[in-house]
Amino acid sequence: MSLATWQALCMDAADHTRLAGFWAAVLGLTPADPGDGSLRLDGEHEDQRVWVDPVPEPKTVKHRVHLDVDVGDLDGIEELGATVLRPPGDDRTWWVMADVEGGEFCAFVREDRPSLPGRLYEVVVDCADAHAQAEWWGEVLGLLPERSPTEHFAALEGGEVLPFDFLCFVSVPEPKRAKNRIHWDVVAPEVGALAARGARVLREPDDEISWHVLADPEGNEFCAFPTP
C-alpha cells in the first residue's frame with residue numbers, strides 16, 4: 001500500500017519562460033499560465049504535468065535529478081537550443097545533453113520515433129545509496145523493482161503509477177550540495193506517515209503555500225499536497 005501518489009514534476013529556472021518553452025516542445029506539452037508567477041505544462045493526462053518556477057539562484061552544480069527522453073534524432077532538440085555534453089560510448093547508448101539553462105538530461109535516439117515531440121522515458125536520481133533510495137521510494141509510491149540489483153543502479157517500474165517508464169537511482173561519489181532544481185510533487189493523505197517512514201519536514205503550510213515541503217532520506221526535496 002502506497003503512502004503517496006505521483007502528481008507532477010517541477011523545475012526551477014532562471015528564465016522560466018525560456019525553459020518552459022524548451023521542455024514544452026521537447027515533451028509535446030501545452031504551456032499554460034496559472035497566474036501565480038509559474039508556468040504549467042499540460043499533457044494529455046494530469047500526472048504528465050510539469051511546473052516551471054522562476055528562482056533567483058543560478059544553476060551551480062550538476063543536476064542531482066535529471067530527465068531521460070526518447071527522441072527520433074538530435075536535430076530537433078539542438079534546434080531548440082540543447083547542446084551535446086557527451087556522445088554515446090563504452091557501455092552508454094545515449095547522449096548526455098544540456099538544456100537551454102545548462103541542465104543535464106539524456107537523449108535516447110529511437111528509430112521508430114519522429115524527431116519531436118519526444119517522450120519522457122525515465123527520471124534519474126543521483127544517490128549515495130541507490131538501493132536504499134529505491135526501496136524507500138518504492139514503498140512510498142507503491143512501485144516494484146525493475147530488475148535484479150546491481151552494484152550502482154536501481155530502478156522502479158512506473159507501471160500504471162507514474163507517467164513514464166522508470167524511476168531510477170544511480171550511486172555517485174559526490175554528495176548533494178545544493179537544492180535540487182528538479183523535484184516532484186506527490187499527493188499524500190497523511191504527511192505524518194511519510195515522516196514516520198523517514199521523510200524530514202522542511203516547511204509546513206503557511207500563508208504562502210498550502211502544501212508541505214519535505215526531504216527524503218538523502219535530502220532530496222519533494223512537495224506533499226493534501227488529498228483533494
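Residue pairs, Cβ under 9 Å, 6 or more apart or interchain, first in the range 62-84 and on the phi > 0 side of the Ramachandran plot and modelled with pLDDT of 95 or more, second part of a helix (DSSP H, G or I) and surrounded by 18 or more Cβ atoms within 10 Å (Cβ to Cβ). List them.
Here the result reads 81/22, each pair linking the range 62-84 to a residue that is part of a helix (DSSP H, G or I) and surrounded by 18 or more Cβ atoms within 10 Å (Cβ to Cβ).
I need a count of the residues in the range 167-212 that are in a loop (DSSP other than H, G, I, E, B) and either among the hydrophobic types (A, V, I, L, M, F, W, C) or touching a helix residue (DSSP H, G or I) at 6+ places or on another chain (Cβ under 6 Å) (or both).
Of the residues in the range 167-212, the ones in a loop (DSSP other than H, G, I, E, B) are 172-181, 188-190, 198-199, 204-211.
Filter once more, keeping what is either among the hydrophobic types (A, V, I, L, M, F, W, C) or touching a helix residue (DSSP H, G or I) at 6+ places or on another chain (Cβ under 6 Å) (or both): 172, 178, 188, 199, 209, 211.
The total comes to 6.
Taking the range 102-132 as the region of interest, how many residues are over 30 Å from residue 197 (Cα atoms) and among the β-branched types (Val, Ile, Thr)?
Residues flagged as over 30 Å from residue 197 (Cα atoms) and among the β-branched types (Val, Ile, Thr) within the range 102-132 amount to 1.
Filter the range 174-228 down to the residues that are touching a Lys or Arg at 6+ places or on another chain (Cβ under 9 Å), of a type outside the set (D, E, K, R) and closer than 21 Å to residue 131 by Cα and list them by number.
180, 182, 214, 215, 217, 219, 220
Given the options 158, 103, name the one that is surrounded by 15 or more Cβ atoms within 10 Å (Cβ to Cβ) and out of contact with any Asp or Glu (no Cβ under 7 Å at 6 or more places or on another chain). Break it down stepwise before answering.
Working: 158 fails: out of contact with any Asp or Glu (no Cβ under 7 Å at 6 or more places or on another chain).
After applying the criteria, what remains is 103.
Give me the pairs: first residue in the range 2-16 and without any contact (Cβ under 8 Å) to a residue 60 or more places away in the chain and more than 16 Å from residue 221 (Cβ to Cβ), second residue part of a loop (DSSP other than H, G, I, E, B) and not aliphatic (A, V, I, L, M), beta-carbon distance under 8 Å, and six or more apart or on different chains, which are they?
16/38
So which residues in the range 103-112 are of a type in the set (Gly, Ala, Ser) and assigned to a loop (DSSP other than H, G, I, E, B), if there are any at all?
To start, the set of residues in the range 103-112 that are of a type in the set (Gly, Ala, Ser) comprises 103, 107.
Within the range 103-112, just 103 meets the criteria.
Out of all the residues in the range 186-200, is one or more crowded, with 19+ Cβ neighbours inside 10 Å and closer than 21 Å to residue 36 by Cβ?
Residues of the range 186-200 that are crowded, with 19+ Cβ neighbours inside 10 Å, as a first pass: 186, 188, 191, 194, 199.
Adding the requirement that they be closer than 21 Å to residue 36 by Cβ leaves 186.
Yes, the range 186-200 has at least one match.
So, in the range 37-61, how many residues would count as being among the hydroxyl-bearing types (Ser, Thr, Tyr) and in a strand (DSSP E or B)? Reasoning before the result, please.
Restricting attention to the range 37-61, the residues satisfying the condition of being among the hydroxyl-bearing types (Ser, Thr, Tyr) are 38, 60.
Adding the requirement that they be in a strand (DSSP E or B) leaves none.
Qualifying residue count, the range 37-61: 0.
Do you know which residues across the range 113-129 are assigned to a loop (DSSP other than H, G, I, E, B) and under 25 Å from residue 21 (Cα atoms)? Show your work before the answer.
In the first step, residues of the range 113-129 are kept if they are assigned to a loop (DSSP other than H, G, I, E, B); the result is 113-118, 128-129.
113, 114, 115, 116, 117, 118 - these are the residues of the range 113-129 that are assigned to a loop (DSSP other than H, G, I, E, B) and under 25 Å from residue 21 (Cα atoms).
Counting only residues that are under 16 Å from residue 124 (Cα atoms) and not in a strand (DSSP E or B), how many does the range 62-92 have? Working first, answer last.
Step one: of the range 62-92, the residues under 16 Å from residue 124 (Cα atoms) are 62-70, 92.
Subset that is not in a strand (DSSP E or B): 62-64.
Final tally of qualifying residues: 3.
Given (1) buried (at least 19 other Cβ atoms within 10 Å of the Cβ); (2) in contact with a strand residue (DSSP E or B) (Cβ under 7 Å, 6 or more places away or on another chain); (3) in contact (Cβ under 8 Å) with a residue 40 or more places away in the chain, where does residue 22 come up short, assuming only one miss?
Every condition holds for residue 22 apart from (2).
Do the conditions hold for residue 85, that is, is it among the hydrophobic types (A, V, I, L, M, F, W, C) and touching a Phe, Trp or Tyr at 6+ places or on another chain (Cβ under 7 Å)?
Values: among the hydrophobic types (A, V, I, L, M, F, W, C): yes; touching a Phe, Trp or Tyr at 6+ places or on another chain (Cβ under 7 Å): no.
Considered against the rule, which asks whether it is among the hydrophobic types (A, V, I, L, M, F, W, C) and touching a Phe, Trp or Tyr at 6+ places or on another chain (Cβ under 7 Å), residue 85 comes out as no.
Can you tell me which of (1) modelled with pLDDT under 95; (2) buried (at least 19 other Cβ atoms within 10 Å of the Cβ) is the one residue 1 doesn't meet?
Unmet condition: (2).
The values are calculated or read from the model by the stated rules, or taken from the named source; none is laboratory data. Since we're looking at a predicted model, the values are computed, not measured. Quick reminder, even Gly has a Cβ in these numbers, built from the backbone with ideal geometry, and neighbours come from all protein chains shown.
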